[in-house]
Amino acid sequence: MRLPKPVGELLTGYVALAVAALVALLALERGHVSAELTVTAAGLLALAVTLAVLSTRALGGALTGLLRALERLARVALPGWRWTGTSDLDALAAELNAMTPRLRDRLEELTEDRDRAGQILDALDDGILLLDGAGRLLVTNPTARSWFGLPEDLRPGLPLRRVISVAQIAELAEEATARRAPVTGTVTVVLPELRTLALRAFPLADRGPTGRTVVTLSDITQRRRVEVLRRDFVANASHELKTPVAALRALAETLESALPDDPDVARGFVARIGREAERLDALVRDLLDLSRVERGALDAEPIDMVGLVKEVAEAHAERAEERRVRLRTELQRESMARGDRAQLGLMLSNLVDNALRYTAARGTVRIRLDSIDGKVVLQVADTGEGIPPGELPRVFERFYRVDKARARQTGGTGLGLSIVRHVAESHGGTVTVHSRVGRGSTFTVTLPVTGPPALTGS
């Protein structure tokens, strides 16, 4: 076993002194001291003294280095510690004994801070990436890993460009590092799912390794989708309002010139004005209804669903008779649910109105009501022209019409089914549609008997 310096040299010197003392003792006991023995003893003594001096210097240098290291440790880890600067070994041992519990407490504090920071990162809805100066990925939180499909046991230190194939993120981090200032950007990620992310990269100004950069990622997919919907809604609403208003103006001008000369033609224009005014009124009413529904204010109360269906059916009976469409109901004896009566009536009325609008003469519109497993199931089925499969995913969008020309002729605004969807979802329910071209469509609304989620148990 090799002894560490200066213990080895010091031990060698002591052994040499012991050998020299033993030889001198033996010589004195035998009563003769030769010249060779004297020279040997002197040589060993000189060697012992030399080794002792060298060992003392080495031990002094090591002790000095230890003192400097301990002073640096106290200054960094224990800022409030008063270092005595002693060179006495006993005092140094006492100093170390006093520092030990403080260092242990400090280490526990740092461990708690690290764990707390890790828990905060894990709980964030935003994604977090920490990079070093060479662009290697050091830390990722669960949100970022899920967005980019990264494994939980991802090894730190891998290049970011190799781990995440979105080059814009690495470029943004490099730009922030080069400019030593925050940099923002936006990126669209396709895999594992389509997502729009707002990025912000900023270099860290700390006492750790230089060049480290943090990249935060916020999911703005829904916000962008809402912005697009709002923009489309304004454009569509403006267009829908512009058409009847322009028609009214043109008809009014024509009526003014035709009224003195041709009363019969004038009466025809009056009828057309009336139809356009009705269309404009229907559009405004649907816009107001949609606004009220989207506001989310519900006046929940127990509702007799059988009575509600009968009221809506009676309200549309005259129109069904005018269009020569049979309007039928299939109702349970009792079916109660909790919800906003006005909104549920509006939802059912829009479904029946839509069915009557697209069902030809001698067709049938059937309203079914059932209760299954604590849910109310409303179905409105018609024998109309049906909806092509490619159009089904979009029928609940605002202002969307399968046949725009016919919808305008029949007075449709394109908002009815959007209102249906919002009412169903605000009550914690769902709406689905099944349709076959030439055979008709069936809209199914499923509502919890207990009412909207926010009002359950109230």
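Throughout, read-outs are computed from the coordinates displayed, never taken from laboratory work. Just so you know, these numbers come straight off a predicted model, no measurement behind them. Note: ideal-geometry Cβ built from the backbone for every residue, glycine included; neighbour counts use all protein chains shown.
Using a Förster distance of 22 angstrom, determine the FRET efficiency expected from the C-beta separation of VAL245 and ALA271, and round it to 0.05.
According to the calculation, E is roughly 0.75.
Roughly how many nanometres apart are two label points built 7 Å out from the Cα toward the Cβ at SER146 and ALA297?
3.5
Mind checking the full-extension length gain between VAL49 and ASP373? Use 0.36 nm per residue of separation minus the Cα-Cα distance, one decimal, nm.
Taking 0.36 nm per residue and subtracting the Cα distance, the gain is 106.7 nm.
For ALA98 and LEU194, calculate 0.36 nm times their separation in residues minus their Cα-Cα distance, and state this gained length in nm to one decimal.
28.7 nm
Within 10 Å, count the other beta carbons around each residue, average over each peptide in 142-151, 374-383, and list them highest first. Spell out each step's value before the answer.
Details: 142-151: 16.0, 374-383: 19.9.
Final packing ranking: 374-383, 142-151.
Apply 1/(1 + (r/R0)^6) to the Cβ-Cβ distance of GLU330 and ARG179, taking R0 = 51 Å, and write down the FRET efficiency to the nearest 0.05. Intermediate results must be reported in sequence, preceding the final value.
Values: r = 70 Å, r/R0 = 1.37.
Efficiency at R0 = 51 Å is approximately 0.15.
Report the full-extension gain for the segment ALA315 to ALA123: residue separation times 0.36 nm, less the Cα-Cα distance, to one decimal in nm.
Working: separation 192, 0.36 × 192 = 69.12 nm, distance 5.27 nm.
That pair, ALA315 and ALA123, stretches by 63.9 nm at full extension.
Would you mind getting me the FRET efficiency between GLU109 and GLN168? Use the beta-carbon distance for r and R0 = 22 Å, nearest 0.05.
The computed FRET efficiency comes out at 0.05.
Based on the mean of other beta carbon atoms within 10 Å per residue, what is the order of 319-325, 212-218, 350-356, most packed first? Write out the running numbers ahead of the final one.
Details: 319-325: 15.0, 212-218: 20.3, 350-356: 23.0.
Per-residue Cβ counts within 10 Å, averaged per peptide and sorted highest first, yield 350-356, 212-218, 319-325.
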